[in-house]
Amino acid sequence: MSECANLTLAHLDLHTKTLTVSQGKGKKDRRIELEKKSTTALKNYLKVRPKSGDEHLFLNYEGTGLSVRGIQDIVEKYARRAGIEKRISSHSLRHTFATHKARQGVSAFQLKEWLGHSSLQTTQLYVHMGQDARRKIEETSL
């Protein structure tokens with residue numbers, strides 16, 4: 001969640017629809033391509049984002065950057081509202097993202113870049129999980 005807390009306005013490029021994550025796993029800069037829904041949500045957020053001298057992308061009610069704990073509180077709040085009872089962590093969010101993208105057919109090489117893995121072997125785990133899940137979905141729809 002520290003990756004999210006450390007995002008600044010400069011990390012977001014709505015023209016190219018990308019977000020550069022410059023901290024986190026492996027301390028590597030990673031450029032993430034935003035999907036249409038994410039881009040729309042960020043544009044809408046920026047319209048109502050409080051005016052502030054703070055350059056953090058996401059601000060709290062005081063107009064300063066959200067803390068890691070503040071982000072955790074928000075995630076937990078909306079998980080409860082969605083009926084999710086499992087504990088949500090930054091690791092589980094990364095895992096869900098990677099598995100979902102692998103299910104959509106995103107290559108292991110692209111996932112490796114997005115996740116900041118140094119080894120393709122680490123990323124292959126998500127690809128295999130995504131393929132297994134896709135196969136199960138296809139089998140149940142037959």
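The numbers here are math on the coordinates, done by the rules we state, and not lab data. Fair warning: this is a prediction, and the values are worked out from it, not measured in the lab.
A few comments on the model shown:
- Karplus 3J(HN,Hα) series, Hz, for segment 29-41 with 6.51 cos²θ - 1.76 cosθ + 1.60 (x for Gly, Pro): 6, 10, 9, 9, 7, 8, 7, 4, 5, 5, 4, 4, 4
- Amide H contacts for T18 (H built 1.01 Å from N in the peptide plane; partners 5 or more residues away or on another chain; cut-off under 5 Å): D13, L34.
- Counting 0.36 nm for each residue step from T18 to E76 and taking away their Cα separation leaves a gain of 18.3 nm.
- Distances between placed amide hydrogens fall under 5 Å for L59 paired with L66, all partners being 5 or more residues away or on another chain.
- Close amide H pairs (under 5 Å, H built 1.01 Å from N) link H117 with no residue at least 5 positions away or on another chain.
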